[in-house]
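Here is the structure we will look at, set down as structure tokens.
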Amino acid sequence: MIEEKFIQELLERVDIVDVVNRHFPLKMGETNFTASCPFHAESTSSFTVSRERQFYHCFGCEAHGSAIGFLMQYSNLCFTEAVEELARSVGMAVEHDSTDSACARTKGPT
């Protein structure tokens, strides 16, 4: 299990705009970044990413969450894999305890 304190510190270090923008381009809107949703087919931009709140939301399909949740859904990663990928991107090392499984496909806090 990865400690909640580590998860919170990780989410404080990453910028969700940078994380999402690495996978597909975002456009700056009035207050948030926008794009067509990567999770469903649409003709209008209903996907928003808030740098201030560090959160994404699609008004079309209701997908939403943090940078961890985005990686889980977009890249089909389990929680542990998403945390490890984000941690690598900011130079943090993930410490696992002996109860960690290789990659349980369960949702952690996103």
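The values are calculated or read from the model by the stated rules, or taken from the named source; none is laboratory data. If you're wondering where the values come from, they're calculated on a predicted model, not measured in any experiment. Here Cβ is always computed from backbone atoms with ideal geometry, including for glycine, and neighbour counts include all displayed protein chains.
Residues that are over 17 Å from the mean Cα position of the chain (by Cα) and at pLDDT 80 or above were ranked within the range 92-110; the one that is nearest to Pro38 (Cα to Cα) is Ala93.
Return the residue satisfying two criteria in turn: it lies in the range 61-82 and is of a type in the set (Ser, Thr, Tyr) and touching a helix residue (DSSP H, G or I) at 6+ places or on another chain (Cβ under 8 Å), and of such residues it is surrounded by the fewest Cβ atoms within 10 Å (Cβ to Cβ). Steps first, please.
The initial filter retains those residues of the range 61-82 that are of a type in the set (Ser, Thr, Tyr), namely 66, 74-75, 80.
Of the ones still in play, those that are also touching a helix residue (DSSP H, G or I) at 6+ places or on another chain (Cβ under 8 Å) are 66, 74-75.
Values: Ser66: 22, Tyr74: 17, Ser75: 11.
So, considering only residues that are of a type in the set (Ser, Thr, Tyr) and touching a helix residue (DSSP H, G or I) at 6+ places or on another chain (Cβ under 8 Å), the one surrounded by the fewest Cβ atoms within 10 Å (Cβ to Cβ) is Ser75.
Return the residue satisfying two criteria in turn: it lies in the range 1-60 and is in a strand (DSSP E or B) and polar (S, T, N, Q), and of such residues it is surrounded by the most Cβ atoms within 10 Å (Cβ to Cβ). Among them, the one singled out is Thr48.
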